Amino acid sequence: MANRFITEAVDAWVADDVDFSEEMTEYRHNTMLKELFIAICVIAAFLVAGWTLTIGDYPIGFFHSYEVLWNHLTGSITDSTEDFIIWRVRTPRIFTGLLAGFGLAVCGAVMQSILKNPLADAYTTGVSSGASFGATLAIALGVSIAGAGGYALVANAFVFSLIPVLVIVTVAKMRGASPTTMIMAGIAVMYIFNATTTFIKLGVSDATLGALFDWSVGSLDNSSWRQVEIMAVFVVSGYIVIQLMGRKLNVLSTGDESARAMGVDSNTLRTICMLIVSLIAASIVSFTGLIGFVGLVCPHITRLVIGSDNRFLIPASAMFGAALLLGSDLVGRVIIAPEVIPVGVITSFIGGPMFLWLIIKQKREVWRRPS
Amino acid sequence: MATSIIELDKVECGYGEHTVLKDISFTVDEPGYICVIGPNGVGKSTLIRVITGLIDVKSGTVRINDKPLSDYSRKEQARIIGYVPVMSSDFNIMSVLDTVLIGRYVRQKWRTTQADIDVAYKALRAMEIEGLANKRFNELSAGQRQKVSLARGLIQEPQILMLDEPTANLDVRHQIYVSSFLKELASRTSMTVFTVSHDLNLAAKYADTVVVMKKPGILYGIGTPKEMITKEMIEEVYEVDCDITDDRGTPHVVLQEVLGREEYRTAI
């Protein structure tokens with residue numbers, strides 16, 4: 001016979017007449033704080049976008065830039081020169097920056113979650129190295145998988161960036177899709193691609209080497225609406241699918257066996273997510289070149305601020321990434337104007353020290369095992 | 001009405017080529033607190049996994065409520081059987097409340113409702129960790145994490161709750177609390193609590209039914225603690241000399257010396 005203490009505990013568990021409305025209010029409040037973080041990132045991205053619109057040889061003010069944009073969208077263009085500059089030249093760059101930051105951060109957040117590894121992003125899974133190799137083939141040897149002209153490079157980068165993913169998924173299928181196996185396979189492929197890229201570079205002219213360098217540092221200089229359209233298709237549709245799987249990703253965070261017992265097939269989920277985020281990363285890296293640290297740092301900082309509930313972490317990281325990348329591009333364009341520092345250099349300059357600071361200061365170590 | 005809740009019929013299973021469980025057959029007909037005991041490596045955790053559907057049988061059948069486990073969809077199965085592994089492998093910096101709420105996945109809609117919060121707080125209260133609700137999961141000790149995992153198992157409100165060593169990281173007070181809570185819960189609701197334990201005295205004191213496994217992954221027997229926890233069983237299955245005393249109607253094991261047979265050393 002259980003003692004009174006235990007009987008009461010079970011009474012409390014089976015009771016239907018409970019009132020946890022205060023706790024619900026507190027829960028809603030905590031949820032609202034997470035949504036507030038997302039809102040702040042959206043506003044920051046909006047403000048940075050406005051500021052970026054003003055940057056360039058032709059002077060157009062902050063509010064006036066938005067006015068020109070509004071006029072274009074509503075079909076009441078007043079100044080065709082200003083309209084051309086804002087709509088044709090400056091806006092594509094902004095959308096490329098926003099989409100690239102958004103997408104790379106989604107990739108980082110999802111890869112870190114599914115691979116349970118703080119270093120997982122488009123780089124460590126080999127996606128960027130694959131893209132680099134594809135671009136090198138196009139620039140140095142003129143070899144293209146598909147397309148011609150400017151799109152030969154993009155098509156090459158895209159196709160080759162998918163090879164590491166296929167290797168990861170195949171190895172995972174053969175050996176059982178453990179997160180460690182997947183990231184090790186990614187790193188192995190990264191080394192192979194990097195070595196091959198370096199080998200090709202040994203035999204090219206200085207001019208080609210220069211072109212390769214330009215691509216490898218990552219920049220938003222060659223943005224166009226066509227590029228924005230292609231990126232948007234991959235980034236937006238990929239994000240929507242990932243967002244719909246937010247709760248499943250939370251279940252996955254409890255461990256593969258627990259997840260399976262809750263009705264989530266961890267191997268399948270991990271493979272699907274890997275494919276989706278790799279497509280997102282490939283669509284970005286192919287156009288912009290290698291932009292580091294956004295995918296690594298944004299999810300980290302966001303996780304520390306709002307926690308790791310993927311329903312909120314993914315959109316929050318994404319908006320933070322969009323603001324950070326566009327902000328970095330802005331910094332790169334004003335710091336030693338009229339010279340432009342490629343955005344990839346700025347993100348690494350900002351991201352590197354930020355990451356170090358996080359490692360040193362971070363008390364809430366998510367990757368720690370309990371003592 | 002189902003005639004049996006859990007039924008294993010000549011089950012054989014394992015990992016790859018290696019067979020862990022051999023010819024296991026038993027039936028659980030009534031809800032209650034069931035405890036699997038046996039030495040290391042005899043397949044206690046594998047037994048829990050095979051009933052939960054985490055590993056497939058090589059031969060034989062597992063039936064839940066008279067229906068083969070393979071006939072259930074993953075979602076249906078998740079609503080009937082809850083599973084809490086021995087060691088939490090959670091990987092998050094969510095609050096304890098959010099971590100527990102993940103367990104509502106099989107029942108919850110996209111948004112968390114008042115009903116979800118109610119059941120989550122009831123589970124936290126049941127596990128005496130209500131005060132930790134807003135603390136981050138990654139800041140907890142191993143024992144606290146174990147209680148969070150148990151609370152998450154409870155809020156799934158399954159018919160069968162499978163717990164792999166639910167008291168492994170807990171101090172004596174909490175071992176007794178959790179064991180007696182689960183026993184009382186099983187006796188007052190229609191829940192079947194199926195656990196693995198290394199503590200023979202906890203099994204003797206709280207289990208309604210004890211399943212004893214022995215090398216090499218076979219069933220020694222199933223019965224009440226009084227029937228199963230005997231000097232003969234402990235000597236044969238664990239190879240340990242012991243005395244059995246009576247503790248208010250249940251057997252109490254006082255372990256003595258190892259009966260060191262050479263083959264036992266290499267078996268673990």
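Quick note: the coordinates plus some simple rules give every number you see, no bench work behind them. Here the structure is a predicted model, which is why all the values come from computation and not from measurement. Every residue, glycine among them, receives a Cβ derived from its backbone with ideal geometry; neighbour counts consider all protein chains shown.
Against the main long axis of the alpha-carbon atoms of chain A, helix A:4-14 sits at an angle near 50°. Is there a simple number for the mean count of other chain Cβ atoms within 10 Å of the Cβ of residues in A:9-22, and what is it? For this peptide, the per-residue mean of nearby foreign Cβ atoms is 5.
Other protein chain C-beta atoms within 10 Å of residue C-beta, averaged over A:259-268: 6. In this label model, A:N30 and A:W225 are separated by 4.7 nm, measuring between points 7 Å along each Cα→Cβ vector. Look at where the Cα atoms of the range A:86-153 and of the range A:232-254 average out, and the two centres are 19 Å apart.
At 25 °C and a viscosity of 0.890 mPa s, what translational diffusion coefficient does Stokes-Einstein give for the range B:2-87, taking Rh as the Kirkwood radius over Cα pairs? Give it in µm²/s as a whole number. It comes out at roughly 183 µm²/s.
Cross-link partners for A:K116 among the aspartates and glutamates, with Cα-Cα distance under 19 Å and sequence neighbours closer than 8 places in the same chain left out: A:D256, A:E257, A:D265, A:D309, A:E365, B:D90, B:D98, B:E139. By the beta-carbon count within 10 Å of each Cβ, the least crowded to most crowded order of B:D23, B:D98, A:D121, fewest first, is B:D23, B:D98, A:D121.
Here is how the number arises for chain B: DSSP H runs of 4 or more residues each give -39500 (n - 2.57), the sum is divided by the residue count, and the result at 222 nm is -9000 deg cm²/dmol. Ranked for footprinting exposure by Cβ neighbours inside 10 Å, fewest first, A:S317, A:S223, A:S76 give A:S76, A:S223, A:S317.
If you bin all the Cα-Cα distances of the protein assembly as shown at 20 Å, starting from zero, the percentages per bin are 18, 42, 27, 12, 1.
Per-residue mean of other chain beta-carbon atoms within 10 angstrom of the beta-carbon, peptide B:117-129?
Numbers: counts 10, 8, 3, 3, 8, 7, 1, 2, 5, 5, 2, 1, 0.
The shielding value for this peptide is 4.
Peptide packing: for A:60-73, B:194-207, B:128-141, the average count of neighbouring Cβ atoms within 10 Å per residue gives the ranking B:194-207, B:128-141, A:60-73, highest mean first. Axis angle, to the nearest 10 degrees, between helix A:294-306 and the longest C-alpha principal axis of chain A: 30 degrees. When you restrict to C-alpha pairs under 8 Å that are six or more residues apart and normalise by the size of chain B, the relative contact order lands at 23 percent. When the Cα gyration tensor is reduced to axis lengths a ≥ b ≥ c, the ratio a/c is 1.5 or higher for the range B:103-201, and with a/b not above b/c it is classed as oblate. Considering only alpha-carbon pairs that sit under 8 angstrom and 6 or more positions apart, the relative contact order computed for the range A:35-361 is 30 percent. Set the Cα radius of gyration of chain B against 2.2 N^0.38 Å, with N its number of residues, and you get 1.02. Classify chain A as rounded, prolate or oblate, taking a ≥ b ≥ c as the square roots of the eigenvalues of its Cα gyration tensor: rounded when a/c is under 1.5, otherwise prolate if a/b is larger than b/c and oblate if not. Since a/c reaches 1.5 but b/c is at least a/b, the shape of chain A is classed as oblate. Measuring between alpha carbons in the structure, the pairs from A:K248/B:K109; B:K10/B:K214; B:K122/B:K205; B:K67/B:K214 lying more than 20 angstrom apart are B:K122/B:K205; B:K67/B:K214. From least to most packed, judged by other beta carbons within 10 angstrom and beginning with the fewest, B:R104, B:R111, B:R74 follow the order B:R111, B:R74, B:R104.
Taking the longest Cα principal axis of chain B as reference, the axis of helix B:172-188 is set at about 80 degrees.
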